[in-house]
Every structure is written in structure tokens, then in C-alpha cells.
Amino acid sequence: MQDDMQDGMQDGVPEGGAAAAVVDNRKLLLHATGLHKSYKVGGEKLEVLRGVDMQVREGEILAILGKSGCGKSTLLHVLGWLDKPDQGRIMFDGVDRSTLNAQERARLRNQVMGFVFQFYHLLPELTAFENVLMPSMIQYGPMAWRQEKKHATERARALLDLVSLTPRAKHRPRQLSGGERQRVAIARALQNEPRFLFCDEPTGNLDGKTAEDVRDLLWGLNEEQNQTMVIVTHDAKLASHAHRVVHLERGRIVEGKDLDLVEEVALDS
Amino acid sequence: MYRLFLALRYLRSRLVNLISIGGVMAGVAVLIVVVSIMDGFQARVKRTVRGSLSHIILTPTVGADKLPAFTVLEQGLKRDIGAVEAAAPQVHLPVFHEYRSRKRTVVAMDGMALHQMLAIGIDWQRERVVTELESYLLAVFDPKDPFFHPTAVEFEKTTCLVSRTFAENFGLGTRGADGEVVHPYGAMRDDVTGEPLRGDAMRAAATSLIGQEVRIVYGVQKSEGGERRFSTNSKNLIISGVYDAHDAVEDNTRMYLGIGAVREMGDVAHEYLQANVRLSDYEQADSIKKTMIGVFGDKFVVETWEDQKANFLRAVNQEKVLLVIVLSFIVLLGGFIILATLTLTVVEKTRDIGIVAALGAGRSGILSIFLWNGLLIGILGSLSGLALGAWFTANVDGVKDFLKSAFGIDIFPPNIYHFRSIPTVWDWPSVLMIMGGSVIVAFVAGLLPALRASRLDPIAALRYE
Ligand SMILES: Nc1ncnc2c1ncn2[C@@H]1O[C@H](COP(=O)(O)OP(=O)(O)OP(=O)(O)O)[C@@H](O)[C@H]1O
Ligand SMILES: [Mg+2]
């Protein structure tokens, strides 16, 4: 089924994008068609997504740009199966979201997708280290945990080291700076070795130097482990390094814009 | 794995949870203490009252001429009724104990007052196998025959067994042989404080009473030439032994004499006025009673000791049931505190719930985080309640004495409750039931908030910022 789809999708891959040619023959990991999502606010319908079509291939870094409030976070949540679209289809690695029940979706989110939230969303009662470990604790039941504990804690430690937070391992989120929390959130997203990483403004609250560090970290992951990611950002510089950039405008995806334009959009958002 | 982990974290990070745990603890502790005391009370009542009463009591309803000889009755009982081990005769005679009273309120002449008692005439060799009297003896001159005393033999006097409570209350042994005061509060009390003696000192004092005299006054009916005559007599009895049946009320109004002496004193025609029966198995008492009524019902009223004390026993049991019901509300209250605090926690932790859900915890996972929370409160609460209740139960007399000396509150006056110490029985099944019930209450109280948490929409929850 996977192969069928990959063949079928070949035509749908956009052309003319700066990086499109590079990723053309890679495996299609995420495929969304006709996504609609609206919110009801005080009796009025706010249409945030109005027919989003998107594909992400394995090993690709895709940047989504858009004005504030245009629905980037909403789109990311829908793509990451956290939220349900009103209409449309999302396939992840050949599996249709709508064919799975809540529990199966939760398991898939836990094991295959990593999420870096716009507002970090760390658990305040837990230390940085425990926050990073959380996805593994959720993955394994009490029995399996005995066997996996060693491996999981080693990985959490290595990830904290990767984001240069080993000295902060025992700190609670409120004892950490914004940038440190962001890095803990990234480490947590990577804990279960996800095939797909969703990042919502990973550098949004960081200064230039720290933002660069985070970018190096993410791009390093892509180079070394072929990590696939979708990054929502305001940061034109960050977007300019992506393999491909798309825009979310008036509830739809617009592809293939020049990076100059990217910069323009980013500046006035 | 995360469920218990997060539940513990939330438990630890919220001080209000301590209140919930404290609520459950208080409920469990109080219930355990009350049930232990009430059980102890029931057990002690059964033991002591039965101890002096015997299992089954036959009271003659016929005149002395129609009354079967005791040996005949005894043989009949053993032959016709299974499970009868032994029987003993008793004759009761109301007497007054004459004592020197310092109180002006007491009707007294020349400082002498009267205290009503029952002189119980017993056949020692039979009595000792039928009731527990022998085990209650604190001091005797001759263990083989508690009614023996050389002075009594020498001067042809009657001997008696008096109780420790009686000796305490009436200051027995206040005066020495030549009449001067040697113990201002009596031999059984401390000369300085007037408090009852305990332990070895109490036993020594009891021994010192042996050979001393108590004076009794009693009335006798006699028929002289077809006319009923009433005359009063008095007698100095020699104390040949002291016992303690641990029943502060009954002990105060009883003394034991030889059955022959009582019959003679009261000019009692009946060979016996009560036949006490001991069974090999008290569990069968009710059915045996029925059989006995069939065989001896024409000449005797047949009762178990529980029949005789039925009202008292029922009152104790009802009090226990009532107290348990009332005190269970403390545990329920604990449940409501859990409900309230956990609901608060869920509201407060809405964002966390969204995060954990986003990381891949299912609804059941989130449900169990908060179920564990309630359950942990229940478990910790009932374990600490167990510890507190056990400590209190073990030290209940210390607490009682402390209350009395510190605040002058006597929560357990012996003349109301029959016992000088608060009896307790540690009954594990009851204790475990109390603990289990409390854990269930905590669990149920946690259910509602937990369900609420599990129904949260993770995305909406994540919007909490
Ligand atoms: N639960 C909701 N109920 C009602 N309206 C919502 C809800 N969530 C989002 N919206 C609205 O949908 C729109 C898109 O929100 P979203 O958070 O996706 O924007 P965004 O592009 O991520 O913005 P930013 O760049 O500031 O993070 C906004 O106008 C927001 O007010
Ligand atoms: Mg956003």
C-alpha cells in the first residue's frame, strides 16, 4: 500500500521549489489533502484551514511560514494528530489517521512523532531530566519499564548532553531560562527516536545566538540521522536553511516562493 | 509507568493532599479505637459477667419440699442434657454491711452507716469448676479452702470472701487491731494520695486484710406458732480471702460465704436457691436451654447468663453499631475532602493533562493518574490511621489517666462502665475492614475528578497558557 501511494503521489510533488528536486524520490512520510479546520467563536465560524494540501518526504526539512494567527499552530496540531480536522485526510507513513482509534493514535504519537510546542509545555513538577524521560515512561508499562529503564535513562542523559543541559538536569522548568526550556522540550521530543519531528517556533523566544545553536542542533540531526521535520517559524533566517519553504495564507498552502519573498513575509508578520 | 510516578509527584507537591490524608487518618484511627474499645467492652463484659454467673442458671419455682436434692438435680442434668460439665448450688441472702462513714449525708447513727449487699452462699468445690471465681482470687489464707481461717475456727466465726473494689470503696483495713487509724484511706489505697493501689502493693494490701473483720446486719423471717416474725441479726465475718472479678458495679455489692453459713443465717429452707451450670460448649447454650426447659421447666426457670444481662449486652452492642455509623461520617468527610482537592488538582493541572496526552498517554492513562492519586491518599491515610489507632488503643489507659490528671475529665468512670481499666480487643478483621472501606471511599472519591481529567480535550487543555 505504501508503495502504491508513493507511486501515485509522484505527480503531486511540487516542482520549481528550491529544494524540491533534491527530495523528489524520497519516501513520502506525511501526506495531507483537503484539510479544513474551523473554530466557533461566539456563534461565528472562524475558518482557519480551508483545504490544506501538503506532502513531506523522509529526511526533508520543511518550513512553514505565515502571519501570526494565520493558523500555523493549528495546522501543526492537525498534522501531528493532536487535533482532528473537520475535513480532509492525513496519511502518516501510509496509515490513514481516521482508521485508528484514540489509543492507537496516542501510541503512534508517542513512538513515531516528536513535538516541540510553541510554549514548551514542560511539566512543572518534574525536573528537566524527568521531562525528557517522560515519553519513554509513557511508552512502557511498569513491567517493560524495568528492562527499558537503563536504555531510556541513558538516552535521556545523552539528549540533555546534546542540548548542553547536563548541568541543569535536576532543575525544574521554572528554574530554567526560556532558551533552556526550549532545549529541554527539543530533547523530550527526541527521546523516543521519532521518525518525524514537529517544531512550533523552536527559536521564537530565543536570542540570535541561542537561536543559531538550536538551528545547528536540528540541522545536525537531519544530517546525521536523516531526521524529517516540519518547522513552523517566523524566523526567515531559519526558514532560509530549510530544504523547502511553504506559506500558509488565507487557510491554504502556497508553495514555491522565493526566499526573498519569504523574508518579506517574515518581516511583516 | 508514568501513572504512579505522576500521581506521587502531584501528591507530594500539593499540601492540601496532607489534609485529605489527615482526614482519612483521623477517620480510620477513631473507628479503630472505638471498635477496639467496644469489642473489648463486649468481650470483657461477657467474660466477667459470665465469670461470676456461669453459663446457664436454674432458679427454683417450687417450695423447699418439692425441690429435688442438689445431687439428684446434678445427676439428672449430667445424664439427660448433653454438654453439661458441672453444676453448683447457690443461696443468696440480702445483707447490710455496717461501716463507719465520715459523710454526714449518709444515714448514720454514731457514725455507722449501712451498705446493701448480697451474701452469696457457695459450695466451693463445685463453684470453682462452674464459675471463674477461683481465678479471680487475689489473696487467700488457704488456697485449698478459701473459706478457712484459723481464727474463725477458734472462735467459731463465719468467714467470707470480699472483693478488691469493695475493700477499696469502704476503706477496709483503716484501723489496726487496737482500733487506731493505720491507713487513712483503707489498706487498699495509697496513704498519701488516696489513689487505689496497683500491682504487687495491691496484692500485699489484699493479703493484709485477711483475718480482719467486716460487720453485717441481716433480717430473718421465722414462723412462730403460725405467725410470721421478722427479726434482725448481726454478725462479724472474718475475711478469709480477697478476689477481683473486674466488675466495679457487681463486686461492690457482693460477698461470698459458705452455702451452709448463709442457709443458717437466713434460715433458708431451700437446699439451694440457684443452680449454676457449666457447659462444655457455650455456643450451644440456646438449644441446651430449650432442652432443659423441657426436662426441668416445671420446677425451674432456665436462663443463660446472657438472658440475665440481656439489656446491658444489647445496649453495649447498640452503642457500638451507633458509634460506628456516626464515626463513619468522618471517613466520608475525608472522601469529600479528597473529591474537592482532586477536583482542584485536575483544574489546576489541565495544561499538564494536555501535555501528557500529547506525549501519547491515552485516556485510561490519565484516568489512572488521578485514580492513583485518590488511592494513594486512601492507602497512606488508612496506614497512618492504623498506626495512630494502634498506638491509641495500646495506650488508652494512659490517655484516660492523662485526661483525668490534666483536665479532671474522667471519660471512663468505673462505676458506670463496671471496669477500672478500659478494655480493648484488637480484631484484625474489623481493622482491615475499616481500612479497606476507607481505601474504597478514597478511590470512589477520586473517580469523579479522574473521569473529568480523562475527558479533557488535550488540545483545549494545551491552550492553557
Ligand atoms: N480553540 C480555539 N478556539 C477558537 N479559536 C481558536 C482556537 N485555537 C485557535 N484559534 C484561532 O485560530 C487562529 C489560528 O490560531 P493559531 O494558534 O493556529 O495561529 P498561529 O499561526 O500559530 O499564530 P502564532 O504565530 O501567533 O503562533 C487564531 O485566530 C486563533 O485565535
Ligand atoms: Mg502558533
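The values are calculated or read from the model by the stated rules, or taken from the named source; none is laboratory data. The shown structure was predicted, so the numbers you read here are calculated from the model rather than taken from an experiment. A quick note on method: Cβ atoms are made from the backbone with ideal geometry, for glycine too, and the neighbour counts reach across all protein chains shown. When the accessible area is computed, the model is the full protein with side chains, heavy atoms only, and any ligands, DNA or RNA have been set aside. Shrake-Rupley method; radii C 1.70, N 1.55, O 1.52, S 1.80 Å.
For segment A:88-106, the set of residues classified as crowded, with 17+ Cβ neighbours inside 10 Å and at the interface with chain B (Cβ under 7 Å from one of its Cβ atoms) consists of A:Ala106 only. The combined condition, being over 22 Å from B:Met38 (Cα atoms), in contact (Cβ under 8 Å) with a residue 24 or more places away in the chain and within 14 Å of chain A (Cβ to nearest Cβ), is not fulfilled by B:Ile337. The set of residues in segment B:356-381 being farther than 23 Å from B:Leu462 by Cβ and open to solvent by less than 20 Å² (accessible area, probe 1.4 Å) consists of B:Gly374, B:Ile377, B:Gly378, B:Gly381. When we screen B:Leu31, B:Leu53 for residues that are in contact with a Gly (Cβ under 8 Å, 6 or more places away or on another chain) and open to solvent by less than 30 Å² (accessible area, probe 1.4 Å), the only hit is B:Leu31.
Quick check on segment B:256-265. Is at least one of its residues outside the structural domain of B:Leu137 (by TED's automatic domain parsing), over 30 Å from the mean Cα position of the chain (by Cα) and not aliphatic (A, V, I, L, M)? Checked against the condition, which is being outside the structural domain of B:Leu137 (by TED's automatic domain parsing), over 30 Å from the mean Cα position of the chain (by Cα) and not aliphatic (A, V, I, L, M), segment B:256-265 yields no hits at all. Restricting to segment B:428-465, and then to whatever is open to solvent by 60 Å² or more (accessible area, probe 1.4 Å) and within 14 Å of chain A (Cβ to nearest Cβ), can you tell me which residue is farthest from ligand 2 (Cβ to nearest atom)? Selected residue: B:Arg455. Within segment A:27-46, if we keep just the residues that are free of Cβ contacts under 8 Å to residues at least 12 places away in the same chain and more than 16 Å from ligand 2 (Cβ to nearest atom), the residue that is most open to solvent (accessible area, probe 1.4 Å) turns out to be A:Lys40.
The residues of segment A:202-245 that are of a type in the set (Val, Ile, Thr) and either open to solvent by 20 Å² or more (accessible area, probe 1.4 Å) or in contact (Cβ under 8 Å) with a residue 60 or more places away in the chain (or both), listed by number, are A:Thr210, A:Thr228, A:Val230, A:Ile231, A:Val232, A:Thr233, A:Val245.
Could you check segment A:114-201 for helices (runs of 4 or more DSSP H) lying wholly inside it with 2 or more residues that are within 16 Å of ligand 1 (Cβ to nearest atom) and open to solvent by less than 20 Å² (accessible area, probe 1.4 Å)? Step through it out loud before you land on a result.
Details: elements: A:128-139, A:142-162, A:178-190.
Qualifying helices (runs of 4 or more DSSP H): A:178-190.
Counting only helices (runs of 4 or more DSSP H) wholly contained in segment B:373-465, the ones carrying 2 or more residues that are farther than 28 Å from B:Phe336 by Cβ and in contact (Cβ under 8 Å) with a residue 24 or more places away in the chain occupy B:396-407, B:414-417, B:458-462.
Among B:Asp200, B:Asp286, B:Asp267, B:Asp244, which is the only one that is under 19 Å from B:Arg164 (Cα atoms), among the acidic types (Asp, Glu) and open to solvent by 60 Å² or more (accessible area, probe 1.4 Å)?
After ruling out the rest, the residue left standing is B:Asp200.
Tally up the residues in segment A:61-119 that are of a type outside the set (Lys, Arg), in contact with a Ser or Thr (Cβ under 7 Å, 6 or more places away or on another chain) and away from ligand 2 (no atom under 16 Å from the Cβ), please. Going through segment A:61-119 one residue at a time, the tally reaches 2.
Table: residues versus (1) in contact (Cβ under 8 Å) with a residue 12 or more places away in the chain; (2) more than 13 Å from every other protein chain (Cβ to nearest Cβ); (3) within 16 Å of ligand 1 (Cβ to nearest atom).
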position	(1), (2), (3)
A:Val48	yes, no, yes
A:Met54	yes, yes, yes
A:Gly59	yes, yes, no
A:Gly66	yes, yes, yes
A:Gly69	no, yes, yes
A:Lys72	yes, yes, yes
A:His77	no, no, yes
A:Leu82	yes, no, yes
A:Asp86	yes, yes, yes
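Yes or no, residue by residue, for (1) modelled with pLDDT under 90; (2) touching a strand residue (DSSP E or B) at 6+ places or on another chain (Cβ under 7 Å); (3) of a type in the set (S, T, N, Q):
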site	(1), (2), (3)
A:Val41	yes, no, no
A:Gly51	no, yes, no
A:Arg57	no, yes, no
A:Lys72	no, yes, no
A:His77	no, no, no
A:Ile90	no, yes, no
A:Asp93	yes, yes, no
A:Leu100	yes, no, no
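Evaluated against (1) away from chain B (no Cβ under 14 Å); (2) at pLDDT 90 or above, A:Lys150 falls short on exactly one condition, (1).
When segment B:193-217 is filtered for residues that are at pLDDT 90 or above and in a helix (DSSP H, G or I), the ones remaining, listed by number, are B:Asp200, B:Ala201, B:Met202, B:Arg203, B:Ala204, B:Ala205, B:Ala206, B:Thr207, B:Ser208, B:Leu209.
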